[in-house]
Each structure stands twice: as C-alpha cells, then as structure tokens.
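K.L.:
Structure in structure tokens, see below.
The values are calculated or read from the model by the stated rules, or taken from the named source; none is laboratory data. Computed from a predicted model, the values in this text were never measured in an experiment. Cβ placement follows ideal geometry from the backbone for every residue including glycine, while neighbour counts extend to all protein chains displayed.
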Amino acid sequence: MDGWDIAQRWNEVRAAVPAEVQVIAVSKTKPISAIETAYTAGARSFGENRVQELVGKHEALTHPETGQLADYPDLSWHQIGTLQKNKVKYIAPFVGLIHAVDQRSLLDEVDKRADANGRKISVLLQLHIAQESSKFGLSESELAALLSDVDTGHWPQVEIKGLMGMATFTEDRAQVAREFQSLRKLYDRYRDSFGWDTLSMGMSGDWQIAVDNGSNMVRIGSSIFGHR
Ligand SMILES: *Cc1c(COP(=O)(O)O)cnc(C)c1O
C-alpha cells in the first residue's frame with residue numbers, strides 16, 4: 001500500500017497500548033517484507049490464522065542450514081484462528097502460542113504432537129463470549145469440565161496459559177465491554193489455581209475496550225499493516 005508506513009504504525013500502536021499489554025502483530029495475508037519491517041521496528045510476536053501461510057512464512061525466515069530463525073532470534077509465531085486437528089503437526093515444531101483451542105480433541109492432538117517434538121506447547125482456551133453464533137469457543141460449563149481434567153493430569157505436554165475470546169462485531173461499545181467483562185470474570189476465577197498469565201482479547205477495532213476490561217494481550221492486524 002503506497003504511503004503506508006508499517007514501522008510508524010507499529011510505533012503508534014505500541015505507544016498507545018499500555019506497556020504491560022503484549023501486542024501481537026497480526027500479519028495474515030501480508031508479505032514477508034511486512035513482517036521484516038515490523039520486526040525491525042520492534043514487533044516480536046506475529047499472528048497468522050492459516051497453517052499453510054504460517055509454515056511458509058516460518059520457512060522463508062528460517063536459515064536453511066541451521067533451521068533457526070537466524071536473523072529474527074526472538075520472533076514468536078502465534079496461531080490465532082481456528083485450527084484444524086490434522087494441521088497441528090505442521091506447526092508443532094515451532095509455534096509459540098496457539099490462541100484458539102476450543103475442543104478437547106484438539107488438546108489431545110496438540111499434546112501428542114508436542115510430545116513427538118520433545119517440547120511443551122502453550123495454548124489459550126477460546127471462550128464463546130459473542131452473541132454471534134458464528135464465533136467459536138467453549139461455553140462456561142465446557143470450560144469447567146475441561147479444567148477438571150487438566151487438574152487430574154490430562155494433556156501433560158500442553159501448557160494452558162489463559163483464555164482468548166472475540167467480541168461481537170458491533171458498534172455497540174457497551175455490548176462489547178460486557179462480553180469482554182464476562183471473559184475477564186472467568187479468567188479471574190481460574191487464574192490463580194491454574195497459574196495463568198494471559199488474557200488475549202482485543203483487535204484493531206476494539207482493543208481499547210478490551211484493555212479497559214483487563215486484556216493483557218491484543219491482536220492487532222489492520223492498524224499496523226493496513227487493510228487486507
Ligand atoms: C485477523 C484477526 C485479528 C486482527 O484483526 P484486525 O481487525 O485486523 O486487527 C485478531 N484476531 C483474530 C483471531 C483474527 O483472525
């Protein structure tokens with residue numbers, strides 16, 4: 001996009017979001033050069049929602065001999081969208097955080113693939129907080145049931161770090177605030193007993209409301225990289 005300065009936009013977003021809130025730069029559909037520019041400006045975590053694209057970008061930035069992200073040593077890849085079980089194996093070797101786990105069968109698969117790669121994989125559980133039925137996520141009772149299995153030692157290779165949710169796409173800011181509050185309440189209920197530290201909520205259009213309601217991780221795409 002002509003005249004769109006990614007480094008400047010990153011700096012503006014980073015300055016606007018409180019320092020204690022992590023900003024995930026959502027680079028989906030954007031080229032490698034955009035990621036390089038944002039990294040140079042200071043971005044370290046990048047969000048992608050398609051496995052094939054994520055793997056392709058990871059490989060493009062990986063040194064062919066060492067297999068390391070040589071020039072991007074602290075870059076962390078975040079899988080932010082719906083994740084199909086049969087694709088977990090492709091990201092398991094390197095993914096930093098999976099944001100949208102909403103089924104036990106997906107936890108089973110992440111656990112298995114983490115084990116196969118000799119590592120633990122960090123995830124967030126996605127809760128359904130929006131009125132829209134199109135949005136994914138666990139219900140409150142499903143979350144409770146799942147966490148009681150975590151308590152008894154299920155999924156040892158999975159590190160659940162907290163919760164993630166998406167608010168309804170609406171101009172009604174009060175409704176968005178209520179939805180984020182409901183997620184924050186659940187997060188607070190379980191945080192101490194499960195050692196959680198991450199509440200991922202908020203995107204370009206609603207991050208301010210999310211932060212006002214307790215988010216400590218925002219996922220920002222278009223405000224940094226421009227329209228998709
Ligand atoms: C695309 C996407 C974002 C970023 O959206 P923007 O409105 O461009 O900031 C955040 N979270 C998820 C899950 C997404 O798919």
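K.L.:
Of all residues in segment 106-125, count the ones that are within 23 Å of residue 199 (Cβ to Cβ) and either among the β-branched types (Val, Ile, Thr) or outside any strand (DSSP E or B) (or both).
P.N.:
Of the residues in that region, 8 qualify.
K.L.:
With the structure loaded, tell me whether residue 28 is touching a strand residue (DSSP E or B) at 6+ places or on another chain (Cβ under 8 Å) and in a loop (DSSP other than H, G, I, E, B) or whether it fails that test.
P.N.:
So residue 28 fits the description; yes.
K.L.:
Please verify whether residue 133 is outside any helix (DSSP H, G or I), more than 14 Å from the ligand (Cβ to nearest atom), on the phi < 0 side of the Ramachandran plot and modelled with pLDDT under 95, treating the condition exactly as stated.
P.N.:
When the stated conditions are applied, residue 133 passes them.
K.L.:
Let me ask something additional. Please state which one of 53, 20, 59 is acidic (Asp, Glu), under 18 Å from the mean Cα position of the chain (by Cα) and surrounded by fewer than 13 Cβ atoms within 10 Å (Cβ to Cβ).
P.N.:
20
K.L.:
If I go through segment 164-207 residue by residue, how many of them are of a type outside the set (A, V, I, L, M) and touching a residue at least 40 places away in the same chain (Cβ under 8 Å)?
P.N.:
Residues meeting the conditions: 9.
K.L.:
Mind listing whichever residues of segment 166-203 are of a type in the set (Gly, Ala, Ser), in a helix (DSSP H, G or I) and either touching a helix residue (DSSP H, G or I) at 6+ places or on another chain (Cβ under 9 Å) or at positive phi (or both)?
P.N.:
177, 182, 193
K.L.:
Taking residue 222 as the residue in question, decide whether it is surrounded by 21 or more Cβ atoms within 10 Å (Cβ to Cβ), touching a Lys or Arg at 6+ places or on another chain (Cβ under 8 Å) and among the hydroxyl-bearing types (Ser, Thr, Tyr).
P.N.:
Judged against the criteria, residue 222 is not a match.
K.L.:
Of the residues 163, 143, which is closer than 18 Å to residue 98 by Cα, within 14 Å of the ligand (Cβ to nearest atom) and not in a loop (DSSP other than H, G, I, E, B)?
P.N.:
Checking each option against the conditions leaves just 163.
K.L.:
Restricting to segment 190-202, and then to whatever is of a type outside the set (Lys, Arg) and surrounded by fewer than 21 Cβ atoms within 10 Å (Cβ to Cβ), can you tell me which residue is nearest to the chain's Cα centre (by Cα)?
P.N.:
Going through the qualifying residues, I end up with 198.
K.L.:
Is it the case, given these coordinates, that residue 145 is under 29 Å from residue 176 (Cβ atoms), of a type in the set (A, V, I, L, M) and surrounded by fewer than 15 Cβ atoms within 10 Å (Cβ to Cβ)?
P.N.:
yes
K.L.:
Tell me yes or no: at least one residue of segment 181-189 is among the hydroxyl-bearing types (Ser, Thr, Tyr), over 22 Å from residue 94 (Cβ atoms) and crowded, with 20+ Cβ neighbours inside 10 Å.
P.N.:
Yes; the residues of segment 181-189 include at least one that is among the hydroxyl-bearing types (Ser, Thr, Tyr), over 22 Å from residue 94 (Cβ atoms) and crowded, with 20+ Cβ neighbours inside 10 Å.
K.L.:
Only residues in segment 64-81 that are farther than 15 Å from residue 46 by Cα and in a loop (DSSP other than H, G, I, E, B) count as the first member; pair them with residues that are more than 16 Å from the ligand (Cβ to nearest atom) and not β-branched (Val, Ile, Thr), Cβ under 7 angstrom, at least 6 apart or cross-chain, and list the lot.
P.N.:
Matching pairs, first to second residue: 70/63.
K.L.:
Could you grab the pairs with beta carbons closer than 6 Å, sequence gap of 6+ or different chains, first residue in segment 139-157 and closer than 15 Å to residue 108 by Cβ, second one part of a loop (DSSP other than H, G, I, E, B)?
P.N.:
157/120
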